[in-house]
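The values are calculated or read from the model by the stated rules, or taken from the named source; none is laboratory data. Only a predicted model underlies this, so the values are computations on that prediction, with no experimental measurement involved. Quick reminder, even Gly has a Cβ in these numbers, built from the backbone with ideal geometry, and neighbours come from all protein chains shown. Ligands, DNA and RNA are excluded from the accessible area calculation, which covers all protein heavy atoms including side chains. Shrake-Rupley method; radii C 1.70, N 1.55, O 1.52, S 1.80 Å.
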Amino acid sequence: MDKMFSKYIAAERELRSSISHGSESLRREGHVTFEVLSASVTKEGLSKHVVYTVLITRTPGMNSDDVLIKKRYSDFEKLHLALRKAYVTQMDEVSFPKKLIAGNFTQETIAIRSRAFEQYLSHVHSMETIRQSLTFKEFFYQDNLRDGYKYMRNGDYKRSVVNLENALLLQERLLGPSHKEVIPTCSALTVCYNLMEQHEMALSFAENLLERIDNHSNKYKMPVIKLMIRLCWRLGKDKLDLENKLSDLRQQGFEADGPTLHEMAVKTKIP
């Protein structure tokens with residue numbers, strides 16, 4: 001967990017620096033690139049397949065850690081067929097590398113497919129309707145989200161954290177660090193670390209979360225600040241500024257006795 005803690009401290013500083021310098025980067029979509037770093041032939045019994053390792057980067061954005069996915073040709077093909085069925089017009093001119101009768105495992109074929117998959121992911125990601133679709137998210141991180149929330153509700157916070165952290169990294173790269181769908185995931189991680197009594201980590205996530213909250217996620221402000229005040233009290237840190245923010249929110253009409261961050265996380269619905 002130390003590595004994750006260091007990463008989020010660095011990410012938080014980068015996010016705050018961007019905000020403090022008046023950068024518009026959090027409001028821009030940014031540029032996302034996909035690069036196949038490696039492709040390895042793997043045997044399973046009498047059959048074999050190629051596993052492609054894809055690096056995802058966002059510019060500008062938080063790229064302090066490599067964010068990787070590993071996918072087989074069949075995974076890409078499943079995504080492509082589902083997208084072609086759901087988005088006929090948008091996908092009409094999107095090319096996809098076809099299977100060969102022979103020669104699927106030659107270095108030349110693998111290299112050509114690697115570049116083709118990079119172009120394919122860049123193309124479909126550039127279309128907002130597809131990028132926001134459940135089919136697209138299923139390819140990258142939706143299973144991690146489902147498992148993360150399932151483990152959290154069952155009280156298995158360590159397993160929950162593993163899945164939610166992976167989902168969060170992919171959401172940040174694909175959707176942007178302040179996208180409305182990133183907020184619930186970051187909230188759930190804050191809750192898990194708090195329940196694991198890793199209070200420094202929980203506070204780091206909460207501070208990071210508070211910086212991201214905008215008009216799409218105002219409902220999180222009050223419960224996040226309340227939790228941060230309790231965490232500061234536990235850690236012996238100054239909480240006066242947070243108490244003043246809480247008072248301001250009450251004056252603005254925010255519900256003082258609304259659900260806790262934990263209650264909100266547990267009720268989050270993942271399709």
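Some observations on this one:
- Cα long-axis angle, helix 221-235 against the chain (0 to 90 degrees, to the nearest 10): 70
- Folded to 0 to 90 degrees: helix 73-86 orientation relative to the chain principal axis, Cα: 80
- Projected label distance in nm at GLU211 and SER126, using a 7 Å step from Cα toward the beta-carbon: 3.1
- GluC sites (Glu not before Pro) lying in DSSP loop within the stretch 64-119, provided at most 14 other Cβ fall within 10 Å: GLU93
- Across the stretch 25-151, the relative contact order, built from alpha-carbon pairs under 8 Å that are at least six residues apart, equals 23 percent.
- Contact order normalised by residue count of the chain, Cα under 8 Å, 6+ apart, percent: 16
- Applying 1/(1 + (r/R0)^6) with R0 = 22 Å to the Cβ-Cβ distance of ARG84 and LYS150 gives a FRET efficiency near 0.10.
- Largest accessible area first, the listed residues ASP257, ASP248 line up as ASP257, ASP248 when surface is computed with a 1.4 Å probe on the assembled protein chains.
- Only helices enter the 222 nm calculation for the chain: every DSSP H run of n ≥ 4 contributes -39,500 (n - 2.57), and dividing by all residues gives -18500 deg cm²/dmol, rounded to 500.
- Label-point separation, LEU68 to ASP238 (7 Å along Cα→Cβ), nm: 4.3
- Efficiency of FRET between SER47 and ALA116 - r from beta-carbon atoms, R0 22 angstrom, step 0.05: 0.50
- Tilt relative to the chain, helix 2-20 - C-alpha long axis, 0 to 90 degrees, to 10: 80
- Extended-chain gain in nm, criterion 0.36 nm per residue less alpha-carbon gap, THR57 and GLN251: 65.7 nm
- ILE112 exposes around 100 Å² of accessible area when a 1.4 Å probe is run over every protein chain in place.
- Label-point separation, VAL266 to THR109 (7 Å along Cα→Cβ), nm: 5.3
- Separation of the stretch 168-243 and the stretch 70-92, taken as the distance between their Cα centroids, equals 35 angstrom.
- Annotation: VAL162 carries an accessible surface of approximately 90 Å², with a 1.4 Å probe and no ligand, DNA or RNA atoms counted.
- The dipole here belongs to the stretch 221-271: it is taken about the Cα centre, uses +1 on the Cβ of Lys and Arg and -1 on the Cβ of Asp and Glu, and is about 200 debye.
- Percent carbon-and-sulfur accessible area, the chain, ignoring ligands, DNA and RNA, probe 1.4 Å: 49
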